[in-house]
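Novice: First the structure, which I've put down as structure tokens, then a few questions once you've had a look.
Where a number appears in this text, it was derived from the coordinates with a stated rule and is not lab data. These numbers come from a predicted model, not from an experiment. All Cβ positions, glycine included, derive from the backbone under ideal geometry; neighbour counts span all protein chains shown.
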Amino acid sequence: MSSEVEANGSLFFAHESPRESQIRMISDGIESLKGGGFLLAAAPTGIGKTAAALASALNAANMYSTNPEIPKILFLTGRQSQHRIVVDTIREINKRLPPGFSRVKVVDIIGREGMCKVVDRSTGKCNCEVGVTESERRFLRSDLEEYIHSDPRHVDQILKRVKKTDVCAWATAREAAKSTDIIVCDYNHVFVEGVREASLPVMGVDLENTIIIIDEAHNLPNRIRNGLQRRVTEQVFQRALSNVEEYKENLEKRERELDIPESNKLRDAMNLEKQIKALKEDSRMRKWFKEKKSENQRSKGDDIRVATQDFLDIISQAIEGVLEEDSEDIIYRIRMMISRLLAVVIEEDDDLDDEEQNECTRLAEILEICIRYRKNAALALVFDELLENPRVTSHLLDPSVVGEPIFEKCLGSILMSGTLFPPEMYAEILGIPGDRVTCHQYSSGFPLGNRPVLIASDVTSKLTERESSFSSIIGHIKSVIDNTKGNVAVFAPSYSMLGRIHGEFEKSGWCPKTIVKEEQRMSKARVEGLISRLYEQRDMRGAALFGVLSGKLSEGVDYSDNVLNALVCVGLPLPPPSARQDALLEYYTKKFDRSRAWKYASLQPAVNSILQALGRPIRKKEDRAIVILLEKRLLERRVSDCMPEMQTMQTSKPTRTAERVKAFFEI
């Protein structure tokens, strides 16, 4: 490879000429990866970070061509819309490669339930190839694999291809991945142990020979934490008993029909039934839950911390002596019960919520997590009574316990996001080896005047001043809505605050625009429906979209074609007090220091949720929108230091805001 290609990555760049920030990012990426390092790129919307990251990774991978096998590139993203962007970018790269260069092969994979026609949750198997002979299966998979390799294909194209054929798209895509250069998939394929062990070897992926690109990397810490979050309620034992009884009865029926001796499976089911009955009927277990309820009611918050070992002890004591052959070792005793719980297979109702699925699996998973982290302060168990339903939840406090071993193994990584700020913080909390980290912030190159930012100095969502600020907050929002030509988005710090703000407009009947409101736990179709309303209304009187910071409408939605003309962010969404938050602050104080603990656990995540919202209206260079931040704390040094450089102005009252907004749209 020529020195020119190594220097600027032009060989694998998807476009005619890179922007200035792209040139920097490609160069930084190649430099980091060729040394086995990690680039953390705070790269705003519009920089073209997907093309830059792919150019860097492909150049670096080809530098390892002396190895027996060229490294594979994993492009991890949690958004299907980004899958399409990656595939389209690779298609453009291939068009520009000179004669004699092998074209880049890619496979795009989503979850099994999204690729298979029907998946049996109890067995994990699909019905895509039911009734197909082995020779037919080989032919159909070979044909589909050839189609995948022939040109970069988005997963939707693959699913369209197999719609009328009896072939498993998911299994074929995993097989095709063995012969590709790039795999586009979800974070879970790498950062959730069970998924990683089940998927990467099948796709021919060895982490030690892999370059990882992580898109929207600001989401990665919470995605890792969520991978170890499990919840059980006080009723789990009753429902688990029902699951076991159903499983045992099915085994008994099958063995009677086959006229075979009692199997080990059936004996294990009978033993598990005894153990679950003991858990359900144990007086100490009931007393434990009763004590936790009392403690919770006496506390000033909504939840309390539970010692992991105490939870394991009460489980172990309840099943002690139930089985004659059980070990005296309490951990081994629970491990044996876990293996029996995981063997339970039942018919699951697709109409039920996840909370109502196989309780044996749910109980097994939280017990396994507790055993693994029982001596590690990185795990916190929390008891609460949300909706008057007592429950215990596992929370991973430190993403680095999962991230660090993975980053240590791989050949290098590019982590990028418009709100990966400050990148040094993410390097620390993810456990990325410090001596191999390069952190950079890149500018979008967009005209600053296209997105002026007003910060109100007269209002705050701070609890002690919220009521006195509320009427002015409403005044500012009215000023923006009244003077905006087009659509306005208003994002509140919480659903309760959203309800109050929206209620003011609803009860007064004042709003010259169509009101659109976000609801909790909205489906993807519902979100798309709300966004469609914006496009319908923008050429008429416009719409006022009310949502929450860190919600579905303020993160992850691409408001294309400049459909948002003004954005209002209300308050600073600091996490409310909770046992989990207290545990996180305590843990980070011990790991880092008190100042960084508060910044990493509370302040920076709150600021970053605002930064995410700020990236919604401006998607390309020509877009124009005005942003109003209704929170005076953003003017404080300790808070403003958490934000990247941007051009801001102050507004001191609603009438001043009205003047600023009106002037912006008159330009």
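Novice: Explain nothing, just the number: relative contact order of the chain, from Cα pairs under 8 Å at least 6 residues apart, as a whole percent. Walk me through the intermediate numbers first.
Specialist: Values: 1139 pairs, mean separation 110.5, N = 667.
Computed over the chain, the figure is 17 percent.
Novice: First check a/c for the range 178-220, with a ≥ b ≥ c the square roots of the eigenvalues of its C-alpha gyration tensor; if it is under 1.5, answer rounded, and if not, answer prolate when a/b is larger than b/c or oblate otherwise. Intermediate values should be presented prior to the final figure.
Specialist: Working: a/c = 2.02, a/b = 1.30, b/c = 1.55.
Oblate.
Novice: Name the chymotrypsin sites (Phe, Trp or Tyr not before Pro) in the range 96-171 that are in a loop by DSSP and that have at most 15 other C-beta atoms within 10 Å, would you? It would help to have the intermediate numbers written out before the result.
Specialist: Working: sites: Phe101, Phe139, Tyr147, Trp170; in loops: Phe101.
Hits after loop and neighbour filter: Phe101.
Novice: As a quick test, which of the pairs Lys117/Lys265; Lys105/Lys178; Lys49/Lys621 have an alpha carbon distance above 22 angstrom in this structure? Please report the intermediate quantities before stating the final value.
Specialist: Numbers: Lys117/Lys265 30 Å; Lys105/Lys178 10 Å; Lys49/Lys621 15 Å.
Beyond 22 Å between Cα atoms: Lys117/Lys265.
Novice: Over the range 448-666, one equal point on each Cα, no solvent: what is log10 I(q)/I(0) by the Debye formula at q = 0.10 Å⁻¹?
Specialist: So the normalised log intensities are -0.43.
Novice: For each cysteine in the chain, check whether another cysteine's C-beta sits under 4.7 Å from its C-beta; list those where none does.
Specialist: Cys185, Cys360, Cys370, Cys410, Cys439, Cys511, Cys569, Cys642
Novice: Leaving out same-chain residues fewer than 8 places away, which aspartates and glutamates sit with a Cα under 20 Å from that of Lys290?
Specialist: Leaving aside aspartates and glutamates fewer than 8 places away in the same chain, those within reach of Lys290 are Glu234, Glu281, Asp282, Asp302, Asp303, Asp310, Asp313, Asp384, Glu385, Glu388.
Novice: Let me ask something additional. Based on the Cβ-Cβ distance of Thr648 and Lys287, what FRET efficiency does E = 1/(1 + (r/R0)^6) give at R0 = 56 Å, to the nearest 0.05? List each step's numbers first, then the result.
Specialist: Working: r = 57 Å, r/R0 = 1.02.
Between Thr648 and Lys287 the formula returns 0.45.
Novice: For mean projected area of the Cα convex hull in nm², several values are listed as [x] 31.3; [y] 28.4; [z] 33.8; flag the one computed from this structure.
Specialist: Computed from these coordinates, mean projected area of the Cα convex hull in nm² corresponds to label [z].
Novice: Taking a ≥ b ≥ c as the square roots of the Cα gyration tensor eigenvalues, with a/c under 1.5 meaning rounded and otherwise prolate when a/b beats b/c, else oblate, which class fits the range 193-345?
Specialist: Here the range 193-345 falls in the oblate category.
Novice: Specify the inter-centroid distance of the range 359-396 and the range 498-567, based on alpha-carbon positions, in whole Å.
Specialist: A separation of 36 Å, based on Cα centres.
Novice: What is the extension gain from Glu528 to Lys163, computed as 0.36 nm multiplied by their sequence separation minus the C-alpha to C-alpha distance, in nm to one decimal?
Specialist: Working: separation 365, 0.36 × 365 = 131.40 nm, distance 2.42 nm.
In short, 129.0 nm is gained.
Novice: What spacing in nm lies between the two simple spin-label points modelled at Tyr535 and Thr464, each 7 Å away from Cα in the Cβ direction?
Specialist: Using points 7 Å along Cα→Cβ, the separation is 4.8 nm.
Novice: Then there's this: Once a ≥ b ≥ c are taken as the square roots of the eigenvalues of the Cα gyration tensor of the range 335-476, is the result rounded (a/c under 1.5), prolate (a/b larger than b/c) or oblate (a/b not larger than b/c)? Before the final figure, lay out each step's value.
Specialist: Numbers: a/c = 2.41, a/b = 1.39, b/c = 1.73.
Verdict is oblate for the range 335-476.
Novice: How much length, in nm to one decimal, is gained on full extension between Ser294 and Glu245, taken as 0.36 nm per residue of separation minus their Cα-Cα distance?
Specialist: Working: separation 49, 0.36 × 49 = 17.64 nm, distance 3.26 nm.
That works out to 14.4 nm of additional length.
Novice: So how much slack lies between Glu193 and Asp310, counting 0.36 nm per residue of separation and subtracting their Cα-Cα distance, in nm?
Specialist: Values: separation 117, 0.36 × 117 = 42.12 nm, distance 2.56 nm.
Result for the pair: 39.6 nm of gain on full extension.
Novice: Quick one: if the Förster radius is 51 Å, what FRET efficiency do Thr133 and Lys409 give, using the C-beta to C-beta distance and rounding to 0.05?
Specialist: Details: r = 41 Å, r/R0 = 0.80.
Taking R0 as 51 Å, the efficiency between Thr133 and Lys409 is 0.80.
Novice: Taking only DSSP H segments of four or more residues, each worth -39500 (n - 2.57), what value at 222 nm results for the chain once the sum is divided by all its residues, to the nearest 500 deg cm²/dmol?
Specialist: Details: 27 runs with 314 residues, N = 667.
The per-residue figure over the chain is -14500 deg cm²/dmol.
Novice: Ranked highest first by average number of other Cβ atoms within 10 Å, how do 318-326, 463-471 line up?
Specialist: Most protected by this proxy first, the peptides run 318-326, 463-471.
Novice: To continue, here is another question. Tell me the label-point distance for the pair Ser263, Asp435, using the 7 Å Cα-to-Cβ offset, in nm and rounded to one decimal.
Specialist: For Ser263 paired with Asp435, the spin-label model returns 5.4 nm.
Novice: Here's another thing I want to ask about it. Please compute the modelled spin-label separation between Lys621 and Lys277, points set 7 Å along Cα→Cβ, answer in nm with one decimal.
Specialist: Output for this residue pair reads 7.5 nm.
Novice: Estimate the FRET efficiency between Thr514 and Ser102 by the formula 1/(1 + (r/R0)^6), using the beta-carbon distance for r and 56 Å for R0, to the nearest 0.05. Intermediate values should be presented prior to the final figure.
Specialist: Values: r = 53 Å, r/R0 = 0.94.
FRET efficiency, Thr514 to Ser102: 0.60.
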